[in-house]
Amino acid sequence: MIKTSLSNDVLRKHHLLGGLNDDQLEKIKKTIRIISLSDGEHLFEQGQPADRFYQVVSGQVKLYLISMEGSERVIEVMQAGQTFAEAVIFMEERCYPVNSESIGKTELLAFESDAFRSILSESKETCFRLLADMSKRLHQRLNEIDYLTLQNATFRLTRYLLQQIPDEHADDNVVDIKLTTSKSIIASRLSIQPETFSRILKKLGKLELISVKGKVITLLDVEALRDFEG
């Protein structure tokens, strides 16, 4: 049902598919699989042979690594509309570099990597368009690395909260945001220890910059929060 409703315009929103022509998109459509996962179900594990890349239709997917000590390190939480595992297409040894697990009931589109590679091998122009799109994404990732490694924990958390403001409330100074992921996962994603995460939330609350009620966080002064340096 989902596959037949996917128009070319919808597929082109995927950064890998945006440069494909209609005939190329039709080839990709024939390989799409719909995958439904229950809460906590694994999609793939680190080191497993990689033959597909994915787009989240609904729900969330946690990408993570397990340290030598056995602790979990969340790399990314993929939301509806986001894609992942694309880079594996271009690796010589195609194995997934991380583990993946659904958060809540999740539905995905799975794209066949070999079909995509075949299209690229047939068209130099498509390869150049893809390189341009990938270069933009690389720049975004470099900015994220700077954000995660050079800024302190308070800065990372306040910026995360500000990024959750819905577009329709972008100009509001008091905004309610609802966390769609557990606080422990968000803390891991931001490279913050859970106890530090809780301490920063309490600190921001005492300063009357936010208030917390379960998964709902009210940003009481967006302007001040943007200027806050911890």
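Filtered by the rule that a residue be of a type outside the set (Gly, Ala, Ser), out of contact with any Leu (no Cβ under 9 Å at 6 or more places or on another chain) and part of a helix (DSSP H, G or I), region 91-132 gives 114, 117, 122, 124, 125, 128, 131.
When residues of region 153-182 are filtered for being charged (D, E, K, R) and either under 16 Å from the mean Cα position of the chain (by Cα) or closer than 14 Å to residue 225 by Cα (or both), how many remain? Residues that pass the stated criteria total 5. Against the conditions (1) acidic (Asp, Glu); (2) more than 22 Å from residue 12 (Cα to Cα); (3) modelled with pLDDT of 90 or more, residue 51 satisfies every one except (2).
Listed by position, the helices (runs of 4 or more DSSP H) contained in region 152-230 that have at least 3 residues being touching a Leu at 6+ places or on another chain (Cβ under 8 Å) are 153-163, 194-206, 222-227. Here residue 91 clears all of (1) hydrophobic (A, V, I, L, M, F, W, C); (2) at pLDDT below 90; (3) surrounded by 13 or more Cβ atoms within 10 Å (Cβ to Cβ) except the condition numbered (3). Going by the conditions given, is residue 24 of a type in the set (S, T, N, Q), touching a residue at least 40 places away in the same chain (Cβ under 8 Å) and more than 17 Å from residue 11 (Cβ to Cβ)? Here the answer is no, as residue 24 does not meet what is asked. For the criterion of being under 27 Å from residue 106 (Cα atoms), crowded, with 17+ Cβ neighbours inside 10 Å and not basic (Lys, Arg), residue 184 fails. Candidates 131, 37: the one that is assigned by TED's automatic domain parsing to the domain that holds residue 19 and surrounded by 14 or more Cβ atoms within 10 Å (Cβ to Cβ) is 37.
The sole residue among 112, 125 that is over 27 Å from residue 185 (Cα atoms), surrounded by 16 or more Cβ atoms within 10 Å (Cβ to Cβ) and among the charged types (D, E, K, R) is 112.
The values are calculated or read from the model by the stated rules, or taken from the named source; none is laboratory data. Just so it is clear, the structure is predicted and the values come from calculations on it, not from any experiment. Quick reminder, even Gly has a Cβ in these numbers, built from the backbone with ideal geometry, and neighbours come from all protein chains shown.
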